[in-house]
Every structure is written in structure tokens, then in C-alpha cells.
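**Q** Sending over a structure as C-alpha cells; questions will come in a sec.
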Amino acid sequence: MDLPSTSKHTPQQPDTVPPSIQIDEFDESSIRLWKIFREAIQPLYFMILCWVNPTWARGSNFKDYLESQGVNINEVKRNLSKDQWDKFMNPSFHNTWDISMIHALLPFSKCLAGKNDEKWHKQNGSDPEISLTFLKNKRNETAHNPRIDRGWCSLIINELYELTIKIQGSLKLVVLGYVVNPEDKEKIEREMDRDFDNTRQKIHEIGKGGIGAEVFDEYQREIDFTKKKKLLEEEGFPCLKKILEKLKSINPLNLITGTSSNPNTPVEKIYTEMKLKGESGPSSVPIEEILNHVPHYDHSRFLLIKGMAGMGKTTLVKKINSDWLSKRDDIKGLNDYDILLYVQCRDFIESFKDLLVAFFRDVHQKFQGNEIIEVCLAYKCLLIVDWYDELNDKSSKLFLEVLTLKKSHPISVIVTTRPEFEERFNNQVKSDDTTVSTISLEGIPEEKREDFVRKYYEEFGSDSVLLQLLQYLRKTMHTMHEVWGLPLNLALLTVLWVNKPEVISNITTEAELYWQFHLLSLSKLKKRLAKNPLTAHLPPTFIKINTRKSIEKLCGESFRALQNDEINIPESTINNLSAFSHSLGLPAEELTGAFLKKVTTSQGSFHYSFPHKGIMEFMAALFFPMKLTNQCWGQSVNTATPTKIFEMLLGGSLPENLHKYQNMLIQMISLLHMGDEDEMKVSEDAKIEALELLVRSGVNDKDSVLRVLKNIKCDHSSARWIAQRFKLFDEDTTIQDHTIDAYIALLRATDPPLPNREEIDINLDLNDTDCCKDYLGIWDPTFQIPLNIRSLSVWLKDHPSLDAFCRSLEKTKTKEIKYLGNVSFVWR
């Protein structure tokens with residue numbers, strides 16, 4: 001490459017650095033050139049970008065401008081580094097565009113040659129491209145060569161001075177050639193002359209001026225910062241990825257599946273497509289588009305992923321973590337992040353620095369103060385905050401610090417929570433002038449559930465027959481549609497099938513699923529106690545009674561954990577449980593291992609927690625039937641009531657709103673109605689009182705109570721109470737599609753005659769095939785129309801599924817069936 005000629009311009013270089021700062025001529029020369037490129041050349045380079053794009057409104061989004069000019073943005077992205085692309089996407093970062101970045105954008109400009117044109121590589125008359133390339137190369141050459149003496153420094157300054165003159169002349173010809181209006185030409189020419197003159201003036205002043213202490217400090221900080229970034233990349237990043245590799249595994253049920261043979265299941269092995277629903281735009285959000293809801297540079301934005309307990313929130317974010325580690329490109333934009341950080345709010349990490357220490361371990365010791373925070377946030381960072389609903393005193397401080405950091409750093413943040421905590425989250429972040437993008441996680445779609453079970457099943461390597469499990473799943477897909485939408489429940493089902501397949505056919509509600517899992521845990525515990533040296537010689541009755549006492553104690557602690565919104569068990573509670581177990585002559589480690597999960601945190605420590613929020617709620621619910629069928633604080637069984645037990649656990653009277661305990665109450669009511677079969681029989685009054693508590697939790701209208709009934713097996717007295725309490729058999733009752741199966745179950749459970757009437761209208765919207773297929777699933781050939789229904793009329797379209805349904809009803813010979821030709825069923 002031909003170099004521009006040099007003039008006799010030789011800047012003076014007096015040294016004005018105070019004696020306290022020791023620098024040699026190499027330092028002084030490097031600093032001088034660094035300052036020239038930063039304060040003189042870089043602003044000029046940006047002005048050149050403006051001139052060669054005459055229709056670009058300075059300060060507006062350059063990406064939008066290029067797209068308006070027909071430029072393929074994917075081509076631009078391929079021409080930029082990750083850091084350059086980050087700055088390109090944010091209009092407020094124009095002042096951070098350095099020479100190399102602007103040079104990469106110039107080939108997409110209107111007035112200059114394209115990227116592959118030889119004008120950028122070979123000298124060709126007065127074309128400006130080669131001079132711009134030389135200017136960029138000279139900057140890179142000096143930036144990467146710390147041993148520049150004063151003679152070489154003077155030569156480079158002269159070259160830069162002369163090069164600006166050459167670029168000025170050649171650039172004028174190119175830019176002004178696109179301007180038609182003479183007045184505009186004069187205006188642009190004056191502007192170019194002024195800016196080039198100012199640039200040369202700055203080169204002259206910096207070249208002959210001194211290097212003050214503040215300039216040296218600024219230069220030294222930039223050099224040190226570059227070194228620290230290199231340190232983080234070379235030593236910190238491998239450490240980060242090593243820890244994230246451990247955190248990508250998932251196995252909430254390893255207390256049953258075992259901790260030695262199958263301690264961890266990589267999430268990618270069992271992950272199955274989930275249903276994501278956005279609150280704006282398309283209702284369905286494919287996982288590959290999820291990061292489009294996380295703006296990279298708008299500091300005021302969060303992505304909130306909400307879903308009920310067991311819905312798969314943690315599985316989803318661990319999938320994101322796994323894909324980032326493996327550099328999979330399934331999720332668009334994920335590979336653009338240099339750093340991914342993951343924190344669970346149940347952990348006790350108090351600050352952002354503590355979080356970085358947890359992931360970068362000993363590497364953080366090579367940084368001073370909060371230096372590691374600034375270095376880390378110089379990269380494109382994705383932070384995942386899992387389980388916002390389980391914030392504790394320490395993790396709350398971390399979250400507040402994240403809110404502060406987002407004001408000055410473009411951190412992308414994904415937060416997961418249960419729906420009941422969404423309002424609290426919104427209030428907290430909106431108080432900081434932020435807005436929230438929200439996605440609802442609605443579990444595994446029906447067509448993907450068998451796939452999930454198959455994947456989860458394969459992790460156990462059992463000889464059990466998978467086909468029978470899948471057949472059961474298909475058979476109950478409608479009646480337990482919502483239950484099987486939760487990945488946790490499908491995992492529980494699979495674990496039960498592998499260990500105790502004979503109980504599966506009796507499971508018709510979520511509570512029965514959790515109860516059978518509890519019995520499985522208990523049976524495993526009994527087998528271990530029978531082999532344990534401390535208990536092997538004890539009578540079975542003694543072990544059974546004392547085990548029940550220990551479980552009852554743990555269930556009480558489950559309620560307190562639910563009350564405090566914590567899934568972790570405090571160390572003090574573990575110590576108390578251990579002492580209690582030892583007082584009963586039982587090994588504490590066996591009892592805690594049977595029902596609690598030992599969790600290793602990102603900090604390397606461990607704690608005990610419940611396997612899942614849903615299981616914790618179930619165990620809290622189990623405390624009630626256990627107390628109702630036991631001597632209760634010196635009182636007889638008859639004096640113990642659900643309300644009194646509730647008040648005892650709360651340490652006072654019941655709050656007005658019991659919404660926080662709604663899921664637990666549903667589980668508790670289910671257990672009370674299952675007691676006849678499991679030695680936990682309670683009075684009818686206790687069942688009705690529990691239903692009243694459920695009403696106080698917010699289940700206080702027809703629609704909501706019918707939704708709840710899907711998960712409760714009611715006896716006749718409870719069904720009659722529900723029907724009367726909510727007037728479900730009144731003349732104005734309209735039953736919606738999503739509650740039809742619960743309503744039928746209620747009719748079956750209620751002894752005739754019906755409380756208020758004997759004619760019920762049930763309207764089903766059957767306008768599309770999918771709806772027909774879904775709701776016809778509640779019927780089977782053995783279905784018997786309840787005796788309290790006098791006759792049945794079927795209104796239907798000519799559809800094969802509906803015809804088959806009618807034929808199955810005819811075989812029952814229980815009622816007269818009329819065919820009316822419409823689109824709904826009417827029972828009379």
C-alpha cells in the first residue's frame with residue numbers, strides 16, 4: 001500500500017506530567033497518538049459517515065436508515081463484531097462508534113464503494129476509500145504497538161495531518177456529486193472545510209502540547225480496563241461456563257429416582273415444547289422468538305415469564321442456559337450474548353458482586369473493589385432471575401441492585417414468577433419508571449405430552465411397559481387436561497409408573513397424584529428404615545407411629561414455609577426436625593432425604609428445600625387431615641376443626657383474604673374426601689368447613705368453583721352443599737365449555753332429587769372440529785346418565801364423532817335420546 005507523503009510539519013512535545021507520575025518516551029508517544037485518534041480523528045470519521053449518507057438524520061437510528069435505503073441488515077451484522085452490533089442497534093451509542101466500526105459501516109453508505117469493491121484495497125486515483133482504509137489501519141497499528149518512540153510518533157502525526165488534506169479533497173468530489181441544489185452544495189462544502197480544519201488544528205495542538213496527569217490517568221484506565229476484559233475472557237468465562245454446566249441439569253424428584261444412579265438429568269434430554277402466550281402481538285410465542293421480547297438496549301424493559309407452580313418455568317430458563325452453553329441457534333439472538341448469569345431467588349445472594357463471585361470464583365480476586373462489575377457489564381449480558389415469588393431478605397437486595405444497574409447498563413433481564421406475584425413485581429419495577437413485557441407459560445401442549453413422558457421415562461432405563469402408560473395418559477387427557485399440562489405432574493406420573501404402576505389407574509385428580517407420590521416416598525422410607533442399623537431391630541408398629549409423628553412435624557413446617565413464601569428450609573428448622581426425629585429414635589437423615597431435596601447453590605454451599613412448590617403445598621395440606629385424625633394438643637378429635645388448625649398454624653385469627661393458601665386448600669379438601677380409603681376419615685362438618693375456607697380464598701362464584709371441582713372428588717353431602725351454596729342447579733345456570741366435565745361430576749355425586757330443579761341445560765360450543773374432539777372425550781361407552789336427569793336431547797351437526805357419541809349413549813339403554821339438528825347438547 002502506498003503511504004501518503006509527509007510534510008515538514010514537526011510538532012513540539014514538551015512534557016508536563018508531574019514528577020509523581022513516571023512515564024518514559026514510549027508511554028508518552030502512545031498516549032499522544034491515543035489522544036489524537038480519540039479526540040481528533042474519531043469525531044471526523046463520524047462526520048464522514050454523515051456526509052456520505054446525506055439523507056440520514058443525525059441522531060436517528062442508523063439501522064432504520066439503512067433499511068430505508070434497501071440495505072440487507074443481515075449483511076451489516078456479518079460485517080460487525082458483537083460489540084459493534086450492540087452499539088449499532090442503539091441510537092444513543094453513536095458517540096461510542098470508533099473508527100473501526102464506522103469503517104465497517106462505510107461500504108453500506110450511499111456515496112462510497114460497496115464492501116467488496118477494490119477501491120477499499122488498491123490505490124485508485126482520487127477515490128477516498130483507500131485513504132479511509134489507511135487511516136483506520138494506522139489507528140489499529142498504533143493501538144496494538146505499545147513501543148512507539150518519539151521519532152515514530154512525529155512521523156505518524158505528520159502522516160495523519162497530510163492524510164486529512166487528501167481525504168478532504170477526494171471526499172468533496174464524491175459527496176458534492178450527489179447534491180443538486182447549489183445552495184446545499186455551498187453549505188455542505190463550508191461544513192466539510194470547517195470540520196477538516198478543526199481536525200487538523202486538534203492534531204497540531206495535541207502533537208505539540210503536553211501530556212497532563214489527567215490524560216495519562218484516562219489512558220491508563222482504558223489500557224487497564226482492556227487488560228481486565230482480556231483477563232475475564234481468558235480465565236473468567238471458562239469458570240462461568242463450568243458452573244452453568246452444573247446448573248443446566250434438572251431433576252426435582254431425585255429423592256425418589258435416586259441420587260447416585262441418576263443425580264442429574266440434562267435439561268436438553270427431557271425438554272419438550274411448551275405453550276407460550278404473549279400479552280401483546282401474536283397470542284402464541286415460539287420459544288425461538290422469546291428473546292425478541294427482551295429489548296437489548298432499552299434500560300426500561302424486563303421480560304416477565306409467569307406460570308403457576310409446576311408449569312415449567314425453571315425448565316424453560318434452564319433450556320435457555322443449556323442452549324447458550326452449547327451455542328445452539330434455536331433461540332434467535334441467544335448467541336449474541338457474551339455472558340449469561342442465572343440466579344434463583346431462593347438462594348442467599350445479596351449483591352450483584354456476590355453473584356459474579358459465585359460464577360467467576362477465584363478470578364474475582366484479580367479485580368479491585370467493584371471493578372469486576374464494570375468489566376462484566378461492558379459485555380452483552382443476559383441475566384435470568386428465577387422464582388421472583390421466592391425472594392428472601394438477601395435476594396431482594398440483589399434484585400433492587402439490578403434495577404439500579406439497568407439505568408446505566410444495557411442488561412437484558414428475564415424474570416420468572418407465579419401469577420399471583422405479578423402485581424407485586426409490576427409495582428416494584430414500575431416505581432423505577434420501567435415497563436414490562438409479559439409472557440404466560442401455559443404448560444406442555446396436549447400433542448406434546450406423550451413426547452415429554454417418553455423422554456422422561458427413558459431417563460430411568462426401566463423395563464416397565466411405556467405403552468400402557470401412554471394409553472392411560474390418552475384416556476385421561478380430557479378429564480385431567482389441565483393436570484397433564486404441567487411438566488411436574490407428568491414427571492410425577494412417570495415416576496409412579498416406573499415404581500408403582502398398579503396405582504395409576506385409580507388416579508383421577510391432581511391431589512390423588514400427589515398422594516400416591518407421597519405414599520411412594522413413604523414406602524421407600526420404610527424400606528430404608530428396615531435396613532438402617534438404628535431402626536432395623538425396632539417393631540414395625542413403633543416405626544409406623546413415630547414416622548407419622550415426624551412427617552406431621554415436617555408438614556407443619558411446610559405450612560410455615562408456604563406462609564413465608566419460601567421453598568428453602570432454614571438451617572434452624574432442619575436442626576429442629578433432626579432433634580425431633582432423634583427423640584423418636586429415628587435417623588434424621590433418612591427422614592429429610594425422603595421428603596426434602598438437598599440443593600447445591602451456585603456458591604458451592606448446600607441447603608434443603610422441598611422438591612417443588614406444588615409438593616410443599618401438598619404437604620402443608622396434609623397437616624390438616626393428620627391433625628383431624630389425631631389427638632390435637634390434648635383435645636379430642638371431635639374438637640379439632642380445619643379453622644382451629646389453621647389459626648394454630650398462623651398463630652392467631654384467620655386473615656380476611658386466604659388467596660395465598662388457595663392451592664393448599666384445594667389439596668386439603670381433596671385429601672379430606674379421600675380419607676375414607678386411607679385411615680384418615682373426617683367428619684362431614686369438617687369437609688364443609690374446609691369448603692367455606694376455600695370460598696374465603698377467592699373461589700366464590702360458579703365458574704371458579706366448577707374449575708376447582710375438576711381437582712376434587714366430592715362425596716354426596718359436599719356436592720349438595722356446593723350446589724346449594726352456588727345455586728348451580730338454578731334455572732339461570734349456564735355451564736360453559738371448560739367446566740362441563742366438572743358439572744357432570746357434580747351431577748353424578750349429588751343424590752336425587754336435585755336441590756332446586758330436575759331440568760338442566762348444558763350448552764357446549766361445538767362449532768369446530770377440535771372443540772368436538774376435546775369435549776367428546778368426557779364420554780365413554782360405559783357412561784350412565786345420572787338418575788337425577790329425566791331425559792336427554794342431543795343437538796348436533798352431521799359429524800362422525802358426534803354420531804359415534806350418540807350410538808354409545810343408545811347402548812346404555814338408560815334414557816330416551818332425541819336427535820335435533822343443531823350445535824349443542826341439551827340434557828333434560
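The values are calculated or read from the model by the stated rules, or taken from the named source; none is laboratory data. Because the structure is predicted, anything quoted here is derived from the model rather than measured. Here the Cβ positions follow ideal geometry from the backbone for every residue, glycine too, while neighbour counts run over all protein chains shown. These area figures cover heavy atoms from the full protein model, side chains too; ligands, DNA and RNA do not enter into them. Shrake-Rupley method; radii C 1.70, N 1.55, O 1.52, S 1.80 Å.
**Q** Please go through region 320-342 and pick out each residue that is farther than 23 Å from SER440 by Cα and either open to solvent by less than 10 Å² (accessible area, probe 1.4 Å) or part of a helix (DSSP H, G or I) (or both).
**A** LEU325, SER326, ASN335, ASP336, TYR337, ILE339
**Q** Looking at the structure I just gave you, is GLU447 touching a residue at least 12 places away in the same chain (Cβ under 8 Å), farther than 22 Å from LEU671 by Cα and either open to solvent by 30 Å² or more (accessible area, probe 1.4 Å) or among the acidic types (Asp, Glu) (or both)?
**A** Working: touching a residue at least 12 places away in the same chain (Cβ under 8 Å): no; farther than 22 Å from LEU671 by Cα: yes; either open to solvent by 30 Å² or more (accessible area, probe 1.4 Å) or among the acidic types (Asp, Glu) (or both): yes.
So GLU447 does not fit the description; no.
**Q** Go through region 246-281 residue by residue and tally those that are open to solvent by 20 Å² or more (accessible area, probe 1.4 Å), at pLDDT below 85 and farther than 29 Å from SER521 by Cα.
**A** 3
**Q** Test ARG548 against the stated conditions and say whether it is among the basic types (Lys, Arg), assigned to a helix (DSSP H, G or I) and under 27 Å from the mean Cα position of the chain (by Cα).
**A** Working: among the basic types (Lys, Arg): yes; assigned to a helix (DSSP H, G or I): yes; under 27 Å from the mean Cα position of the chain (by Cα): no.
In short, no.
**Q** Within region 37-64, count every residue that is open to solvent by 20 Å² or more (accessible area, probe 1.4 Å), more than 30 Å from HIS204 (Cβ to Cβ) and at pLDDT 85 or above. Break it down stepwise before answering.
**A** Residues of region 37-64 open to solvent by 20 Å² or more (accessible area, probe 1.4 Å): 38-39, 42-43, 46-47, 54-55, 57-61, 63-64.
Going one step further and asking which of them are more than 30 Å from HIS204 (Cβ to Cβ), we end up with 55, 57, 60-61, 63-64.
Narrowing the set further to residues that are at pLDDT 85 or above leaves 55, 63-64.
Here the count works out to 3.
**Q** I'm trying to understand the selection: among the residues of region 65-93, which are part of a helix (DSSP H, G or I), open to solvent by less than 50 Å² (accessible area, probe 1.4 Å) and under 30 Å from ASN181 (Cα atoms)?
**A** Of the residues in region 65-93, the ones part of a helix (DSSP H, G or I) are 65-68, 73-78, 82-89, 91-93.
When the remaining residues are screened for being open to solvent by less than 50 Å² (accessible area, probe 1.4 Å), the result is 65-66, 73, 76, 84-88, 91.
If the condition is that a residue be part of a helix (DSSP H, G or I), open to solvent by less than 50 Å² (accessible area, probe 1.4 Å) and under 30 Å from ASN181 (Cα atoms), then TYR65, LEU66, PRO91 are the ones that fit.
**Q** Then there is this: Among the residues of region 339-377, how many are closer than 30 Å to ARG78 by Cβ and in contact with a Leu (Cβ under 9 Å, 6 or more places away or on another chain)? Steps first, please.
**A** Residues of region 339-377 closer than 30 Å to ARG78 by Cβ: 339-342, 374-377.
Pick out the ones that are also in contact with a Leu (Cβ under 9 Å, 6 or more places away or on another chain) and you get 339-342, 375-377.
Of the residues in that region, 7 qualify.
**Q** Is it the case that some residue within region 389-411 is under 30 Å from HIS481 (Cα atoms) and touching a helix residue (DSSP H, G or I) at 6+ places or on another chain (Cβ under 9 Å)?
**A** Our first condition is that a residue be under 30 Å from HIS481 (Cα atoms); within region 389-411, this holds for 389-390.
From what is left, the residues that are touching a helix residue (DSSP H, G or I) at 6+ places or on another chain (Cβ under 9 Å) are 389-390.
Scanning region 389-411 turns up at least one residue that is under 30 Å from HIS481 (Cα atoms) and touching a helix residue (DSSP H, G or I) at 6+ places or on another chain (Cβ under 9 Å).
**Q** Among the residues in region 359-370, are any in contact (Cβ under 8 Å) with a residue 24 or more places away in the chain, among the aliphatic types (A, V, I, L, M) and out of contact with any Asp or Glu (no Cβ under 8 Å at 6 or more places or on another chain)?
**A** No, that holds for no residue.
**Q** Select, from LYS87, LYS63, the only residue that is within 28 Å of the chain's Cα centre (by Cα) and among the basic types (Lys, Arg).
**A** Details: LYS63 fails: within 28 Å of the chain's Cα centre (by Cα).
From the options LYS87, LYS63, the qualifying one is LYS87.
**Q** Something else now. Could you figure out which of (1) assigned to a helix (DSSP H, G or I); (2) over 32 Å from the mean Cα position of the chain (by Cα) isn't true of TRP484?
**A** The number of the failed condition is (2).
**Q** For THR535, are the conditions met, namely being touching a residue at least 40 places away in the same chain (Cβ under 8 Å) and touching a Gly at 6+ places or on another chain (Cβ under 9 Å)?
**A** Details: touching a residue at least 40 places away in the same chain (Cβ under 8 Å): yes; touching a Gly at 6+ places or on another chain (Cβ under 9 Å): yes.
Judged against the criteria, THR535 is a match.
**Q** Looking for something at pLDDT 85 or above, assigned to a helix (DSSP H, G or I), farther than 21 Å from PHE618 by Cβ and open to solvent by less than 60 Å² (accessible area, probe 1.4 Å) - is there at least one such residue anywhere in region 506-516?
**A** No, the conditions are met nowhere in region 506-516.
**Q** Out of curiosity, is VAL317 closer than 21 Å to LYS455 by Cβ, modelled with pLDDT of 85 or more and buried (at least 21 other Cβ atoms within 10 Å of the Cβ)? Let's see the steps before the verdict.
**A** Values: closer than 21 Å to LYS455 by Cβ: yes; modelled with pLDDT of 85 or more: yes; buried (at least 21 other Cβ atoms within 10 Å of the Cβ): yes.
Here the answer is yes, as VAL317 does meet what is asked.
**Q** Within region 596-617, how many residues turn out to be outside any strand (DSSP E or B) and either more than 21 Å from the chain's Cα centre (by Cα) or modelled with pLDDT of 65 or more (or both)? Before the answer, list the steps.
**A** Step one: filter region 596-617 for residues outside any strand (DSSP E or B), giving 596, 601-605, 610-617.
Now drop any that are not either more than 21 Å from the chain's Cα centre (by Cα) or modelled with pLDDT of 65 or more (or both), which leaves 596, 604-605, 610-617.
Residues in region 596-617 being outside any strand (DSSP E or B) and either more than 21 Å from the chain's Cα centre (by Cα) or modelled with pLDDT of 65 or more (or both): 11 in total.
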